[in-house]
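Here is the structure we will look at, set down as structure tokens.
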Amino acid sequence: MDPLILIVAGVVIVLAIIVIVAALVFAPKSDSGDVQMRLEEYATRETPLTLEEIEMSQPFSERIITPILKGIARGVTRFTPKEATEKARRDLAMAGRPVKSPEMFMGIKGAAAIIFAVFALLILKITNQPSSYLLAGPIFGALIGFILPGVWLGSKMKQRQDEILKSLPDALDLLVICVEAGLGFEGAMAKVAEKWDNELSRGFARVLQEIRLGKLRTDALREMEATMGVADVTSFVAAIIQATQFGVSIAKVLRIQSEQMRIKRRQRAEKKAQEAPIKMLFPLVFLVFPALFVVLLGPAALLVMESGVGGAL
């Protein structure tokens, strides 16, 4: 068989495996309505469920993918320092927990490393590369596979932080309106969590839930700030804690914070506007201008060649 066909087939298989694993692992769980319908269906059965039926009722990701990732995670975490596991835990919290646990994330990194190493070895075998490459290629592929999930997690974390930065000034405006209208700080946070559905409102809802469970408001706010990793949220939480400790008016502090956040957002927009010409320079020089020169000067060059002037020169 043609080696090129084998390479293309290997690429398609590996990409299909990666897409299927990502879709199954990171797919949203069933909501409570689906669970309730399933429970009602099981309750109407006359005969009790067998162990095989209970096992087969679980999703494919829970029956096949998750046990494999857990097994790989146990092997990876055995050789992983505690500092790396704690860093993965913090990064997952700041990214909104797209993966259940740092151990599961380590399992995903290990699975990606194995897949890329096997794929690199397959490519080297098909192309009949020297034996020295057969060792370096899988190591390089495993390294790439181990790094890629971290890059993906970093992009998720950056995306979440950008969303929080954009929604913070508007949320502070609503907090100011609610507090000045007579609501308490927790009531104003509840209004924000009720009105919007974004990362910041979900963070407020989590703070309120922890307060209802008995945690102090300062501790809940500090935990929210630690899981977001945004400097503006840090200053907001610090201002609220200081106002609570010193008895300062919450409404006044919130209004000052709202004005500062809007100024910072305008400054960030101005900064991006000033950076835009420099960022556009390289695409213009290397992509737009060559195509423009071809369109403008191409017909003229063809006319010169047809007239014989080019040959005379």
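The values are calculated or read from the model by the stated rules, or taken from the named source; none is laboratory data. Here the structure is a predicted model, which means the values were calculated and not measured. With ideal geometry, Cβ positions are generated from the backbone for all residues, glycine too; neighbour counts draw on all protein chains shown.
Of these, V253, V295, which one is out of contact with any Leu (no Cβ under 9 Å at 6 or more places or on another chain) and more than 30 Å from G96 (Cβ to Cβ)? Selected residue: V295, the only one of V253, V295 that is out of contact with any Leu (no Cβ under 9 Å at 6 or more places or on another chain) and more than 30 Å from G96 (Cβ to Cβ).
For the range 167-176, filtering for residues that are over 14 Å from G203 (Cβ atoms) and without any contact (Cβ under 8 Å) to a residue 60 or more places away in the chain leaves 2.
In this structure, does V179 turn out to be surrounded by 15 or more Cβ atoms within 10 Å (Cβ to Cβ), hydrophobic (A, V, I, L, M, F, W, C), in contact (Cβ under 8 Å) with a residue 24 or more places away in the chain and farther than 30 Å from M104 by Cα? Judged against the criteria, V179 is a match. The helices (runs of 4 or more DSSP H) found wholly in the range 173-245 and carrying at least 1 residues that are aromatic (F, W, Y) occupy 185-195, 199-212.
What helices (runs of 4 or more DSSP H) lie completely within the range 53-163 and have 2 or more residues being modelled with pLDDT under 85 and surrounded by 16 or more Cβ atoms within 10 Å (Cβ to Cβ)?
Numbers: elements: 66-78, 82-94, 102-126.
Answer list for the range 53-163: 66-78, 102-126.
Could we say that F105 is hydrophobic (A, V, I, L, M, F, W, C), closer than 30 Å to E223 by Cα, outside the structural domain of S235 (by TED's automatic domain parsing) and in contact with a Lys or Arg (Cβ under 7 Å, 6 or more places away or on another chain) here? So F105 fails the test. Here A120 meets each of (1) closer than 30 Å to G203 by Cα; (2) over 22 Å from the mean Cα position of the chain (by Cα) with one exception, condition (1).
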